[in-house]
Amino acid sequence: MSRPAAPPHASGTQPPDIRPWTGRIMVAAIPLAALLAACTSVPLPPWTPAASPPVARAPASPPASVVTAPRPATPPADVQISPVAPPSRLPPSAGVAATPSSAPADLPAPYSAAVAARFPAPSVIYNTPGLQAGRTSFTTQTEIQAWLRDQAAAASRTPGVKAAVLPIGRSQRGEPLEALVLTHASGTDPSTLLATGRPTVLLLGQQHGDEPAGSEALLIIARELAQGLLRPALERINVVIVPRANPDGAAGDQRMTSGGLDMNRDHLLLNTPEAQALAQLTRDYRPTVVVDAHEYTVVGRFLEKFGTVQKFDALLQYATTANIPEFLTKAAEEWYRRPLLAALRTQGLSTEWYYTTSTDLADKKISMGGTQPDTGRNVNGLKNAVSLLIETRGVGIGRLHIQRRVHTHVTAISSVLASTAQRASELNQLRPYLDKEVSAQACKDEAIVEAAATPAQYELLMLDPVSGADRAVTVDWDSALALRKVKARARPCGYWLSAGSAKAVDRLRLHGVQVMRVAEAGSMLGDSYQESSRTAGERQDVRGTIAGGAPVIKAQVSLLRGVVDVPRGSYYVPLNQPLGNLVLAALEPDTQSSYFANQILDGLQSTVRVMAEPAVKFEDLP
Ligand SMILES: [Zn+2]
């Protein structure tokens, strides 16, 4: 069957409030829906456009005091977000700050008082250990561990609620990586959660160590779910929280992991133990929704390039990479982003699409978040999860406006939890539908090997660094909503991998990809890759060269059809599986993100695109 090649995103020449799903597009989607439904045995979820107001029916409303509190000019001195008292059992910070964040406490404001006045403190005061008055460091790793245990213990006192702190790995410096699971299931292991039939939300914070607000906000969210105003949500959804994915970076107030790698460009390759831990957690718990909480640069290179300060409380984006199923994008937009915009607006918080700019000061282009299949946002989309990036204005300003930054994350994440609870039954239909749709494309249709953002112009609001007034700047803007097809091929039935490809096989299986081993020698019809040229290069993202990566092989290839003899002990990766699009991203060799380019596969001859269902005897891997 044929289907439109790309989601009907609006072009970047439209105003900031891009609306990918207009009435015109809805009309086009209806016959597509019918067509898709006819092709599979899984019923297409009924499409219920987001009502307005979008969160009105949500059983899990954001914390009431956040939604309804008036916004006085000066915040009341002692307001708590919920009736729950702050845990008094937390160890005093003085005794536990073994690896305190080096974030400066009293960084001078990098802009005028007039700019600062644009960002008044919210009418609630958040009270994690790191946000206590007089603190100079954010919540330490030890304090996070204690906090998660306190919340698990508190949650477990509620009848029907189960909670546990899971060890999910260790950082490069040996710090424990931990997740808090909260559920109404009878246990906290993955199969018990899956058996509830409730969607699971995975909340990730602080992949970049110098972006603390998401981590502090997730401690608040954990407490509100465990013993506060978000607790009713657990009757509809399961929640897994990793408040600090990069503890080494947090301890050093640095973006990268301790080895110098950007772990948020490592979610396909899985070279870091931090990304491996998240991949395994995602494989096991199969979240329907993933939220990745970050912060973005407020002054720095923006001030140097444009003479401005960045304005928006929250920058938002969902997965924007090649081969994302259309209905997944539609769910992210209609069921999540629109309610998010409304929730933030209600709190007087401003929003824009996520954007950034390169570290090259001569390059004034602004780009939306990247289109490479390497970030958590894009890779989780390739795992058929609704994948949302939330960024607050925080990098480079120390503790300035920290209550407002945390409030922005708490408001946004509460909206995501409410949307998930509200849409639980539809999400439970969407996920198997997407899994089946992706699987059914094997051996037919097109595979987009590489896509790129579309250049456009955009009028972006920034702030004058002296007066604090809005300043509209027309910028060159790479829109990730409108993906250009750069390279496409026929979608194979699967990939044959040589017996020497164990490293790639291990990485794929860590993602949850099904890999089979050839049990008896045989042959397959396939396309092998013929190298026409190669150069060494560096992986790039929209900021510039990706930190810490080894050189990549940039190969030009052509395809040669033939019958390939496959020995016993080699591997077959079928595309007829839910993670088929992730497999494509990893195994088509001539992209900067591929396992070949990054030398996880040792040569082009290690991979064959299998173009007919193989008649070979396979065995499962242990
Ligand atoms: Zn970040």
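The values are calculated or read from the model by the stated rules, or taken from the named source; none is laboratory data. Bear in mind the structure is a predicted one, so any value in this text is a computation, not a measurement. Don't worry about glycine lacking a Cβ; one is built from the backbone with ideal geometry, like all the others, and counts go over all protein chains shown. The protein model used for the area step is the full one, side chains on, heavy atoms only, and it has no ligands, DNA or RNA in it. Shrake-Rupley method; radii C 1.70, N 1.55, O 1.52, S 1.80 Å.
Please say if the range 286-363 is rounded, prolate or oblate, where rounded means a/c under 1.5 for a ≥ b ≥ c the square roots of the C-alpha gyration tensor eigenvalues, and otherwise the choice is prolate for a/b larger than b/c and oblate otherwise? It is oblate, given that a/c is not under 1.5 and a/b is not larger than b/c. Sorted on the mean count of surrounding Cβ atoms within 10 Å across their residues, most packed first, peptides 532-544, 508-520 read 508-520, 532-544. When the residues Ser350, Ser523, Ser367 are ordered by accessible surface, computed with a 1.4 Å probe over the protein chains alone, the sequence from largest down reads Ser523, Ser350, Ser367. As a quick test, which of the pairs Lys305/Lys554; Lys330/Lys365; Lys444/Lys554; Lys311/Lys364; Lys503/Lys617; Lys311/Lys485 have an alpha carbon distance above 25 angstrom in this structure? Listed pairs above 25 Å: Lys305/Lys554; Lys330/Lys365; Lys444/Lys554; Lys311/Lys485.
For the range 379-450, the share of accessible area belonging to carbon and sulfur comes to 53 percent (1.4 Å probe, ligands and nucleic acids excluded).
Could you list log10 I(q)/I(0) for the range 101-171 at q = 0.12 Å⁻¹, which the Debye formula gives when each Cα is one point scatterer? Reported log10 I(q)/I(0), two decimals: -0.56.
Its Cα gyration tensor gives the range 122-234 an equivalent ellipsoid. The semi-axes, each the square root of 5 times an eigenvalue, are 25, 18, 12 Å from largest down.
Assuming a ≥ b ≥ c are the square roots of the Cα gyration tensor eigenvalues, decide whether the range 183-232 counts as rounded (a/c under 1.5), prolate (otherwise, with a/b larger than b/c) or oblate. Judged from the Cα gyration tensor, the range 183-232 comes out oblate (a/c at least 1.5, b/c at or above a/b). Accessible area per residue (1.4 Å probe, heavy atoms of protein chains only) ranks Thr48, Thr420 as Thr48, Thr420, with the largest value leading.
At the residue level, Asp602 shows approximately 120 square angstrom of accessible surface with a 1.4 angstrom probe and all protein chains present.
Going by accessible surface with a 1.4 Å probe and the largest first, Lys311, Lys444 read Lys444, Lys311. Across all directions, the average flat footprint of the convex hull enclosing the Cα atoms of the range 246-387 is 9.7 nm².
Extension gain for Phe618 to Lys436 (0.36 nm times residue separation, less C-alpha to C-alpha distance): 63.3 nm.
Taking only protein heavy atoms and a 1.4 Å probe, the accessible area of the range 251-321 is 43% carbon and sulfur. The alpha carbons of the range 361-416 occupy a box of 39, 35, 14 Å along the principal axes, longest dimension given first.
Between rounded, prolate and oblate, where does the range 509-565 land on the alpha carbon gyration tensor, with a ≥ b ≥ c its root eigenvalues, rounded for a/c under 1.5, else prolate if a/b exceeds b/c? Here the range 509-565 falls in the oblate category.
Take Lys436: with every protein chain present and a 1.4 Å probe, its accessible area is about 80 Å².
Considering all C-alpha pairs of the range 455-540, those separated by over 14 Å amount to 82%. At a probe radius of 1.4 angstrom, the accessible area of the range 152-198 per residue rounds to 45 square angstrom. Peptide packing: for 498-504, 373-379, the average count of neighbouring Cβ atoms within 10 Å per residue gives the ranking 373-379, 498-504, highest mean first.
In the context of the full set of protein chains, residues of the range 250-350 present 22 Å² of accessible surface per residue (probe radius 1.4 Å, heavy atoms only). For the range 521-606, the alpha-carbon coordinates run over 45, 32, 20 Å along the three principal axes, in decreasing order.
In the assembled protein chains, Glu175 presents an accessible area of approximately 50 Å² (probe radius 1.4 Å).
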